[in-house]
1. For the stretch B:210-229, how many residues meet the condition of being out of contact with any strand residue (DSSP E or B) (no Cβ under 8 Å at 6 or more places or on another chain) and either within 24 Å of B:V48 (Cα to Cα) or not in a helix (DSSP H, G or I) (or both)?
2. Identify all residues within the stretch A:24-55 that are closer than 13 Å to A:V284 by Cβ, at the interface with another protein chain (Cβ under 9 Å from one of its Cβ atoms) and either assigned to a loop (DSSP other than H, G, I, E, B) or among the small types (G, A, S) (or both); write none if there are none.
3. Being surrounded by fewer than 24 Cβ atoms within 10 Å (Cβ to Cβ) and in a loop (DSSP other than H, G, I, E, B) is the filter here, so list the residues in the stretch B:233-259 that pass it.
4. Which members of the stretch B:281-330 meet the condition of being of a type in the set (S, T, N, Q) and touching a residue at least 60 places away in the same chain (Cβ under 8 Å)?
5. Considering only residues that are closer than 14 Å to B:G183 by Cα, assigned to a loop (DSSP other than H, G, I, E, B) and among the hydrophobic types (A, V, I, L, M, F, W, C), which ones fall in the stretch B:75-124?
6. Restricting to the stretch B:44-68, count the residues that are more than 14 Å from chain A (Cβ to nearest Cβ), closer than 15 Å to B:A265 by Cα and within 22 Å of the chain's Cα centre (by Cα).
7. Could you tell me whether the stretch B:2-9 includes any residue that is of a type in the set (S, T, Y) and loosely packed, with under 13 Cβ neighbours inside 10 Å?
8. Kindly evaluate B:T127 against the criterion of being within 14 Å of another protein chain (Cβ to nearest Cβ) and either over 21 Å from B:T13 (Cβ atoms) or at pLDDT 95 or above (or both).
Amino acid sequence: MSTTVETATEIRTFRVDIPQEQLDDLRRRIEATRWPTKELVDDRSQGVQLATLKALADYWATDYDWRKAEAKLNALPQFMTEIDGVEIHFIHVRSPHEDAMPLIMTHGWPGSVTELLDTVGPLTDPTAHGGKAEDAFHLVLPSLPGYGFSGEPTELGWELGRTARAWAELMLRLGYTRYVAQGGDVGAGVTDAMGRQAPEGLIGIHTNLLVPALGGVMPTNTDEERAAAAQIATFRQSGNGYFVEMATRPQTIGYALLDSPVALAAWMIDHDTDSYYKISRAFVDDEPVGNLTRDHILDDITTYWLTGTGTSAARSYWEAYGPDAPAAGVQPPPPSQIPVGFTTFPGEIWRTPRSWVDNSYPNVIYFNEVDRGGHFAAWEEPELFSTEIRAAFKSLR
Amino acid sequence: MTTTVETGADVRTFRIEVPEEKLDDLRRRIEATRWPSKELVDDRSQGVQLATIKALADYWTSEYDFGRIAERLNGLPQSTTEIDGVEIHFIHVRSEHDDAMPLIMTHGWPGSVIELLDSVGPLTDPTAHGGGAEDAFHLVLPSLPGYGFSGEPTELGWGVGRTAQAWAELMRRLGYTRYVAQGGDVGALVTDAMGRQGPDGLVGIHINLLTAALAIADQLPSDADEERAALDALATFRASGFGYFLEQATRPQTIGYALLDSPVALAAWMLDHDTDSYYKISRAFVDGQPTGNLTRDHILDNITLYWLTGTGTSAARAYWESGREQAQAAGQAPPPVSVPVGFTTFPGEVVPAPRSWVQAVYPTLSYFNAVDTGGHFAAWEEPELFSDEIRAAFKSLGHERRSS
């Protein structure tokens with residue numbers, strides 16, 4: 001399914017090459033789906049709607065072409081390197097501008113490097129995308145342990161902090177002594193942890209999900225603070241079933257995620273309300289929002305299917321948030337003085353007020369609220385997202 | 001897959017017929033399972049263990065007799081009747097003892113009438129099972145709406161309160177004017193609701209899960225050892241044991257795609273209930289050492305029933321309805337149960353309820369016992385002991401049987 005070529009003792013080049021029989025098997029399984037009856041509501045309140053998933057499955061089994069996704073990945077320099085016992089897959093695109101700033105950017109769940117691919121151009125080659133040479137980044141996009149083409153951890157203990165340390169090691173191996181880090185969702189968790197660990201060479205971070213708001217109490221004095229708190233409360237009341245299941249019983253849901261393509265697809269698109277409806281419209285009405293197209297959504301889902309990583313990705317929630325994990329009850333270290341940038345995208349699970357960011361980090365150097373985009377900001381709005389990354393790190397160059 | 005024969009305007013006899021191609025498809029799917037890697041722990045803390053589910057799948061395709069379900073169910077008188085827009089499937093076994101007490105007994109999730117089948121003999125024919133004629137019941141075992149061979153609700157509103165009303169209607173239709181009700185798990189919720197609704201004819205209830213403990217845990221006594229132990233069990237359930245519950249209560253349709261499309265996903269989801277029953281079932285498959293009546297065949301009868309009826313999603317939706325029902329009732333104390341209440345605590349239950357808690361929830365408690373074996377699936381695991389408890393709980397109502 002993949003080929004590796006030794007180029008050094010530690011870092012090998014990597015290409016994706018999925019055998020045709022795996023794609024045939026996937027198509028057979030989609031076509032053989034045994035469907036439940038339709039939900040009894042007219043919205044997403046009982047979960048992924050039957051019409052949405054059927055439209056997705058139809059497109060998946062007929063018009064969708066994985067080989068295009070494979071070509072898109074293989075057009076970028078990909079590598080593998082073993083860190084702390086796990087094979088880490090990463091994309092590494094050096095900017096043509098030699099003094100570009102190195103940036104390690106981390107995807108989330110249910111994402112993969114796929115959600116970041118359309119930021120590669122704007123970030124590494126800004127002069128071709130409305131920016132200037134001084135906006136350029138050398139970009140490192142790793143696949144989280146247990147996700148996509150990275151290996152699965154085979155021992156306990158891969159919580160966010162361990163991944164953060166692995167990323168610092170990765171940047172060291174790549175020879176970067178002065179770099180920044182960025183992430184949303186689980187990637188925000190890793191990036192937040194890197195900020196707290198403050199490894200040598202890390203000079204700033206940017207996130208687009210305020211990780212400390214999930215763990216601590218935030219002020220609720222203003223209208224926007226109360227609105228954000230209400231959004232978190234709604235998430236906790238009706239939106240975190242997937243989260244609790246993966247944090248407590250990843251293996252159980254994992255059987256579904258490996259064995260049934262539609263179960264995997266449903267589980268993955270049942271994330272936040274905003275992205276769900278955007279994805280639903282892309283499939284049912286063929287009206288994608290921004291870059292969240294049918295092909296892009298299926299590139300991500302198909303990556304999970306072909307790599308068989310639904311279960312190992314779910315286990316990362318168990319490690320990070322589960323009550324039975326080795327890290328359970330261990331408080332993260334306090335935030336460091338490393339500069340922090342943050343962008344609020346309006347469709348995110350909760351709309352983070354600036355006051356909450358200031359409340360979370362002692363050295364906030366950049367905050368902005370933009371007018372479009374949601375939880376999958378880099379995926380949905382790669383140009384706008386890239387503009388934010390440039391702006392956030394401008395003062396650190 | 002089923003045949004119905006009209007026997008009257010309202011109630012039709014029912015038999016199961018499973019087409020061979022459905023069984024072939026099921027076997028093919030099990031054999032084509034794409035397995036994940038093994039969990040990274042040595043216990044159930046990451047979910048259903050790979051060795052357990054692989055042993056289950058092996059047995060399912062190689063040794064399990066798919067004719068068992070039809071044979072067992074068709075050996076009992078089954079009927080269907082439409083109540084409130086939903087076709088209700090039920091088993092109805094009249095005792096040979098004419099003055100037997102009518103009893104409607106309700107299964108739970110992830111159960112079905114399968115979990116109650118081995119209590120049919122002891123309850124309806126007690127003299128053949130170590131009891132006296134005065135212990136006899138006429139037994140009604142309905143399948144919950146959306147479960148097993150009952151129809152799926154096609155409109156919103158089927159919370160446990162509506163099911164409780166349907167059960168009262170069912171008993172009325174069967175001509176029972178004086179009866180008792182029993183249930184565990186979801187069946188306990190339905191039975192509790194019946195007790196609070198107090199329909200004509202209901203003279204007592206027995207329950208083996210204290211569902212109200214979830215809602216009012218902070219008001220329950222916590223001084224004695226067993227009370228503290230129960231609170232600890234409840235806290236553990238809330239911290240790590242209720243993922244399935246939350247998912248079904250909030251996104252039944254999402255998990256439903258897995259439950260319809262993948263036999264091993266369905267089996268795993270159903271096995272991953274409480275800790276006690278999980279390990280008992282795991283031992284049955286991995287070590288061939290069942291506990292009580294929780295044998296491999298019995299477990300697979302139930303899972304296969306969910307698969308063949310394709311009711312994983314509709315059963316999950318029942319949790320969503322319960323959640324909605326509770327949200328709508330939030331802040332309002334439910335009406336009290338006015339009829340006598342019997343309760344049995346089985347030691348392996350999710351939260352083994354102390355007598356003090358049961359008394360707090362049910363002031364009309366007339367029978368309480370804590371037995372020494374059995375768990376969440378008490379009727380299934382220990383049908384004889386369970387039947388003894390039902391007899392004992394309703395005995396005090398027995399002197400009125402002959403006058404009815």
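The values are calculated or read from the model by the stated rules, or taken from the named source; none is laboratory data. All values reported here derive from a predicted model rather than from experimental measurement. Every residue, glycine as well, gets a Cβ built from its backbone with ideal geometry; the counts of neighbours run over all protein chains shown.
1. 6
2. The answer is A:V48, A:Q49.
3. Passing the criteria: only B:F242.
4. Passing the criteria: B:S282, B:T291, B:N293, B:N302, B:T304, B:T309, B:T311, B:T313, B:S314, B:S322, B:Q326.
5. The one that is closer than 14 Å to B:G183 by Cα, assigned to a loop (DSSP other than H, G, I, E, B) and among the hydrophobic types (A, V, I, L, M, F, W, C): B:W109.
6. Number of matching residues: 0.
7. yes
8. Considered against the rule, which asks whether it is within 14 Å of another protein chain (Cβ to nearest Cβ) and either over 21 Å from B:T13 (Cβ atoms) or at pLDDT 95 or above (or both), B:T127 comes out as no.
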